[in-house]
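To keep things clear, I will list the structure first and then write my remarks on it.
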Amino acid sequence: MEKNIVLGITGGIAVYKMVEVASRLTKENFEVYVIMTEAATKFVSPLTLQAITHNPVETDLFTPPQTYDVKHISLADRADLVLIAPATANFIGKMARGIADDLLSTIILATGAPVMVAPAMNKNMYNNPIVQDNLNYLKEKGFTIINPASGYLACGEQGQGRLPEPPVLVEHIEKQLTSDDFEGKKILITAGPTREPLDPVRFISNYSSGKMGYALARAASFRGANVNLISGPTDLPPPLGVNIVRVETGLEMEKEVNKVASDCDIIIMVAAVADFRPEARKNKIKKTGQESLQITLNSNPDILAKRGANKSEDQLLVGFAAESQQLEDNALKKMERKKLDMIIANKINVSGTGFNSDHNQVTIYTPNMKEQIPKMNKRALADVLLDKIYNLD
Ligand code: PMT
């Protein structure tokens, strides 16, 4: 069912970021209703947000409603979530004191929906004890505060006070609206490729982008899990709320996995760990006119198989299998050899799926079932896989 988001925009320089927030939410099929304070309309025209959300932008408590609704009551009732961003010091003060002197502040008092507040202002204003007291008071009353980011501020100073970037705000909204069925679970996820150095400037690696592992980490964190993500080199930003450790080689990945694995309820190994690593060379390999070059490769540890050998009774161990042939046969053998509770097999020679793609098509195996999942984007697939893992528990 589509969710109704009310974006309450108050007057600060960061109002321009809300155009992108509204656009991203609309594209993700949220129904977005924007309410702007009078000050906010001085920074961006309501028309811009109206065009993006396809809904009228409300600014005034007293203009007649377009339907026979009491405007502040109908918007307050319809909201599944209200985000106040950017939230000025003035508006935060009004919310904390229960003042209702315009449409937005009235809606805050009238709504039963969760309210998130993203302050954005000069760093001294943000650190002012009065503003901090007001924020703490709102937190006590059940509001969720999204901490401002640090960096260059519009006043020319550096510090904490920037409105987080639009993708981050959208992630906060999505997280808040997701059910917490993994609350209390500790999950370890590995993602991405490993890089095995040949010499100081070259390495052996593979085409894993990290997208599948990051999608699982994001979904698990949104569903309330405490997620440790151990990631090989990728260009992806860390998902919201996830503890990320970045590594380069298979040996480094093994070391980091071993630090946290025994403490985790669920381990999902998505990383494409190189099975072999070249013998380390201190200096750059030189071209000396020879026709060929011999490189000795040594076996990397099988991180997942070692976890299987050390797994406790109540820990769930999930692996992936990347196969170019005999998918079922190879996946089942890996599940048995590595003592897994589930293996997710993907064919890697199907175009538009698997390595470095936004989509994947997998077959799930457990010791007593097999299920083929149709091709879908990795974010949607992550939730399907977590549903299956949840039912294993
Ligand atoms: O990162 P993306 O671009 O989104 O692509 C996703 C993916 C294709 C990498 C992913 O869906 C996937 O298939 N991951 C597993 C890749 C792999 O290495 O498969 P494998 O069949 O070689 O290994 C089987 C399992 O053992 C895997 O869970 C792997 O993490 C683990 N393994 C493998 C080798 C090794 N030395 N140690 C391990 O722990």
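Summary table below
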item: Check on residue 306, part of a loop (DSSP other than H, G, I, E, B) and either over 29 Å from residue 227 (Cα atoms) or within 12 Å of the ligand (Cβ to nearest atom) (or both); result: no
item: Meets criteria (in contact with a Phe, Trp or Tyr (Cβ under 6 Å, 6 or more places away or on another chain), assigned to a strand (DSSP E or B) and modelled with pLDDT of 95 or more) for residue 364; result: no
item: Residue in the range 252-259 that is within 21 Å of residue 313 (Cα to Cα) and in contact with a strand residue (DSSP E or B) (Cβ under 8 Å, 6 or more places away or on another chain) present; result: yes
item: Strands (runs of 3 or more DSSP E) wholly inside the range 161-276 containing at least 3 residues that are over 30 Å from residue 123 (Cβ atoms) and within 12 Å of the ligand (Cβ to nearest atom); result: 186-191, 266-269
item: Qualifying residues in the range 277-301 (those that are at pLDDT 95 or above and exposed (fewer than 11 other Cβ atoms within 10 Å of the Cβ)) - the one nearest to the ligand (Cβ to nearest atom); result: 299
item: Residue check, residue 357 more than 8 Å from the ligand (Cβ to nearest atom), small (Gly, Ala, Ser) and open to solvent by less than 70 Å² (accessible area, probe 1.4 Å); result: no
item: Neighbours by Cβ (under 6 Å, 6+ apart or cross-chain): first from the range 334-356, over 17 Å from residue 268 (Cβ atoms); second more than 6 Å from the ligand (Cβ to nearest atom) and of a type in the set (Ser, Thr, Tyr); result: 348/324; 349/324; 355/207; 356/207
item: Filtered residues of the range 88-111 (kept if touching a His at 6+ places or on another chain (Cβ under 7 Å) and open to solvent by less than 30 Å² (accessible area, probe 1.4 Å)); result: 103, 106, 107
item: Subset of the range 112-148 that is open to solvent by 20 Å² or more (accessible area, probe 1.4 Å) and under 14 Å from residue 6 (Cα atoms) - its residue that is nearest to the chain's Cα centre (by Cα); result: 114
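To keep it simple, each residue is scored yes or no on (1) hydrophobic (A, V, I, L, M, F, W, C); (2) surrounded by 24 or more Cβ atoms within 10 Å (Cβ to Cβ).
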residue	(1), (2)
209	no, no
217	yes, yes
220	yes, yes
227	yes, yes
236	yes, no
242	yes, no
247	yes, no
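Residues are listed down the side, and each one gets a yes or a no for (1) over 21 Å from residue 187 (Cβ atoms); (2) within 12 Å of the ligand (Cβ to nearest atom); (3) open to solvent by less than 60 Å² (accessible area, probe 1.4 Å):
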| position | (1), (2), (3) |
| --- | --- |
| 323 | yes, yes, yes |
| 333 | yes, yes, no |
| 347 | yes, yes, no |
| 379 | no, yes, no |
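The values are calculated or read from the model by the stated rules, or taken from the named source; none is laboratory data. If you're wondering where the values come from, they're calculated on a predicted model, not measured in any experiment. Virtual Cβ from ideal backbone geometry, glycine too; neighbours counted across all protein chains shown. Just the protein is used for accessible areas: all its heavy atoms, side chains included, with ligands, DNA and RNA removed. Shrake-Rupley method; radii C 1.70, N 1.55, O 1.52, S 1.80 Å.
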